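Student: This structure is in structure tokens; I'll ask about it shortly.
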Amino acid sequence: MAEPPEFWMFIASNALVLVLGGVLTGLSARALLRNPGKRSFRGAVAGFGSITVGALIEAIYELGIRGSYELGGRELLALHTVEGVLIAFGLGALFYSLQQY
């Protein structure tokens, strides 16, 4: 059975988030390694990493852990809550990072 086009768009968009988030996290990590005394770069690494994981948590759970992309109401609500907390933490870390710079 072929997957619907929405499934492949879900995969493509998550792959794009993974690539861009990975690049931003990697660039922040390189900046931290070049300037180990700068706490702002540590916040940037934590922020970009958390946002990337938060954005991908749904795909990781649905396809990697559960093995199905058809979730129920409570399960989906819990998943979105975890996703929101990770993204909020990442944005807070980026805010802190910018304030320290």
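The values are calculated or read from the model by the stated rules, or taken from the named source; none is laboratory data. All values derive from a computational prediction rather than experimental measurement. Positions of Cβ are backbone-derived with ideal geometry, glycine not excepted, and every protein chain shown enters the neighbour counts.
Student: Among the residues of the stretch 31-43, how many are within 19 Å of the chain's Cα centre (by Cα) and among the basic types (Lys, Arg)?
Tutor: 1
Student: Separate question: State yes or no: is Glu58 over 29 Å from Leu33 (Cα atoms) and of a type in the set (Asp, Glu)? Don't jump to the end; show me each part of the working.
Tutor: Details: over 29 Å from Leu33 (Cα atoms): yes; of a type in the set (Asp, Glu): yes.
The answer is yes for Glu58.
Student: Does Glu62 satisfy the criteria of being assigned to a helix (DSSP H, G or I), of a type in the set (Asp, Glu) and touching a Ser or Thr at 6+ places or on another chain (Cβ under 9 Å)?
Tutor: yes
Student: Check Gly43 against each of (1) within 21 Å of Val17 (Cβ to Cβ); (2) not in a helix (DSSP H, G or I) and name the one condition it does not meet.
Tutor: (2)
Student: (1) within 18 Å of Asn14 (Cα to Cα); (2) touching a residue at least 12 places away in the same chain (Cβ under 8 Å); (3) out of contact with any Leu (no Cβ under 6 Å at 6 or more places or on another chain): which one isn't true of Leu76, the others all being true?
Tutor: The single condition Leu76 does not satisfy is (2).
Student: For the stretch 65-100, give me each residue that is assigned to a helix (DSSP H, G or I) and either at positive phi or of a type in the set (Asp, Glu) (or both).
Tutor: Keep residues of the stretch 65-100 that are assigned to a helix (DSSP H, G or I), which gives 65-66, 73-100.
Listed by number, the residues that qualify are Glu75, Glu83.
Student: Got at least one residue in the stretch 29-38 being in contact with a Leu (Cβ under 9 Å, 6 or more places away or on another chain), closer than 19 Å to Leu98 by Cα and of a type in the set (Lys, Arg)? Break it down into steps so the answer makes sense when it comes.
Tutor: So in the stretch 29-38, the residues in contact with a Leu (Cβ under 9 Å, 6 or more places away or on another chain) come out as 38.
Add one more test, that the residue is closer than 19 Å to Leu98 by Cα, and what stays is 38.
From the residues that got through so far, the ones that are of a type in the set (Lys, Arg) too are 38.
So far as the stretch 29-38 goes, yes, one or more of its residues are in contact with a Leu (Cβ under 9 Å, 6 or more places away or on another chain), closer than 19 Å to Leu98 by Cα and of a type in the set (Lys, Arg).
Student: Sticking with this structure for a sec: Which of the numbered conditions does Asn35 fail, given that it passes all the others? Conditions: (1) at pLDDT 90 or above; (2) surrounded by 13 or more Cβ atoms within 10 Å (Cβ to Cβ); (3) touching a helix residue (DSSP H, G or I) at 6+ places or on another chain (Cβ under 8 Å).
Tutor: Of everything listed in (1) at pLDDT 90 or above; (2) surrounded by 13 or more Cβ atoms within 10 Å (Cβ to Cβ); (3) touching a helix residue (DSSP H, G or I) at 6+ places or on another chain (Cβ under 8 Å), Asn35 misses just condition (2).
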